[in-house]
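Input: a single structure, listed below in structure tokens.
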């Protein structure tokens, strides 16, 4: 029997979270403060109804862009650990990196504008550039740097590229197969897709990631994706990991994004 098992390959042991600990990993928020608030309430309800444990929240990045409330999302996250008493880990997504790039170089707006820059600027009260020219980029950059709170800058600069907790590794986009975690390139951790998504072999640890949206969480033998396209679908998802158990919580808002934005404008007017 042992020889037979060696030939076919032993079944991989199920990843485990340490005793007395409970992990929540939250997918890409993309400026949907409404969904963030709703999901945090669902997590709080789960915590209240479950046996006592040390709760750890891992946010998988992409807090900004596309949705209407990037500023408000970062504001809530900045105070979340103090508010809840839970340990919070914040990872860096490619959209979060884009804000940092723009803060360093106004011309970066040319690359950033294609994936949600305008919505982020508007959330800080900055009119996005109307024209593809250096002077308009510089005007938006100057206004943005004046209105961007130091606490938000510190938050973005402190974001981690990946986080290891027990048998899991948490990352925004994924990892490059065949390369040790310590040697992964930051660009891959924030951007990789095909080489990671198509890999069917084991990684050093079970990978939990976002970045590639799907209508529902993706649960495979080597990875779990919890990006359910919150900015467009109205669904924000978290995976819950405790012991050998794996489950999901989500928050949904069927109100069209257009109506959410109009509601926010009415509140802020």
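The values are calculated or read from the model by the stated rules, or taken from the named source; none is laboratory data. Quantities reported herein were computed from a predicted structural model and do not represent experimental measurements. Counting neighbours? That spans all protein chains shown, and the Cβs are built from the backbone with ideal geometry, glycine included.
Any residue in segment 166-176 that is in contact (Cβ under 8 Å) with a residue 40 or more places away in the chain, on the phi > 0 side of the Ramachandran plot and either surrounded by 16 or more Cβ atoms within 10 Å (Cβ to Cβ) or touching a strand residue (DSSP E or B) at 6+ places or on another chain (Cβ under 8 Å) (or both)? Before you say what the answer is, go through the steps one by one.
Going residue by residue through segment 166-176, those that are in contact (Cβ under 8 Å) with a residue 40 or more places away in the chain are 166-168, 170-174.
Keeping just the survivors that are on the phi > 0 side of the Ramachandran plot gives 166, 174.
Within this subset, residues satisfying the condition of being either surrounded by 16 or more Cβ atoms within 10 Å (Cβ to Cβ) or touching a strand residue (DSSP E or B) at 6+ places or on another chain (Cβ under 8 Å) (or both) are 166, 174.
Yes, some residue in segment 166-176 is in contact (Cβ under 8 Å) with a residue 40 or more places away in the chain, on the phi > 0 side of the Ramachandran plot and either surrounded by 16 or more Cβ atoms within 10 Å (Cβ to Cβ) or touching a strand residue (DSSP E or B) at 6+ places or on another chain (Cβ under 8 Å) (or both).
Would you check which residues across segment 74-118 are more than 25 Å from residue 165 (Cα to Cα) and crowded, with 23+ Cβ neighbours inside 10 Å and list them? Let's see the steps before the verdict.
From segment 74-118, those more than 25 Å from residue 165 (Cα to Cα) are 75, 98-118; that's our starting set.
Within segment 74-118, 98, 99, 102, 109, 117 meet the criteria.
Check whether at least one residue in segment 237-251 is at pLDDT 95 or above, closer than 28 Å to residue 126 by Cα and in a loop (DSSP other than H, G, I, E, B), and report yes or no.
Step one: of segment 237-251, the residues at pLDDT 95 or above are 237-251.
Now drop any that are not closer than 28 Å to residue 126 by Cα, which leaves none.
Among the residues of segment 237-251, not one is at pLDDT 95 or above, closer than 28 Å to residue 126 by Cα and in a loop (DSSP other than H, G, I, E, B), which makes the answer no.
Determine whether residue 65 is under 15 Å from the mean Cα position of the chain (by Cα), farther than 27 Å from residue 206 by Cα and not in a helix (DSSP H, G or I).
Numbers: under 15 Å from the mean Cα position of the chain (by Cα): yes; farther than 27 Å from residue 206 by Cα: yes; not in a helix (DSSP H, G or I): yes.
Considered against the rule, which asks whether it is under 15 Å from the mean Cα position of the chain (by Cα), farther than 27 Å from residue 206 by Cα and not in a helix (DSSP H, G or I), residue 65 comes out as yes.
Residue 71: part of a helix (DSSP H, G or I) and surrounded by fewer than 15 Cβ atoms within 10 Å (Cβ to Cβ), yes or no? Explain how you work it out, then say what you get.
On the way: part of a helix (DSSP H, G or I): yes; surrounded by fewer than 15 Cβ atoms within 10 Å (Cβ to Cβ): no.
Taking the combined requirement at face value, the residue does not satisfy it.
Could you say whether any residue in segment 178-192 is in contact with a helix residue (DSSP H, G or I) (Cβ under 9 Å, 6 or more places away or on another chain), within 23 Å of residue 15 (Cα to Cα) and modelled with pLDDT of 95 or more? Let's see the steps before the verdict.
At the first step, the residues of segment 178-192 found to be in contact with a helix residue (DSSP H, G or I) (Cβ under 9 Å, 6 or more places away or on another chain) are 179, 186-188, 190-191.
If we keep only those that are within 23 Å of residue 15 (Cα to Cα) too, we end up with 179.
Remaining after also requiring modelled with pLDDT of 95 or more: 179.
Yes, there is a match, as at least one residue in segment 178-192 is in contact with a helix residue (DSSP H, G or I) (Cβ under 9 Å, 6 or more places away or on another chain), within 23 Å of residue 15 (Cα to Cα) and modelled with pLDDT of 95 or more.
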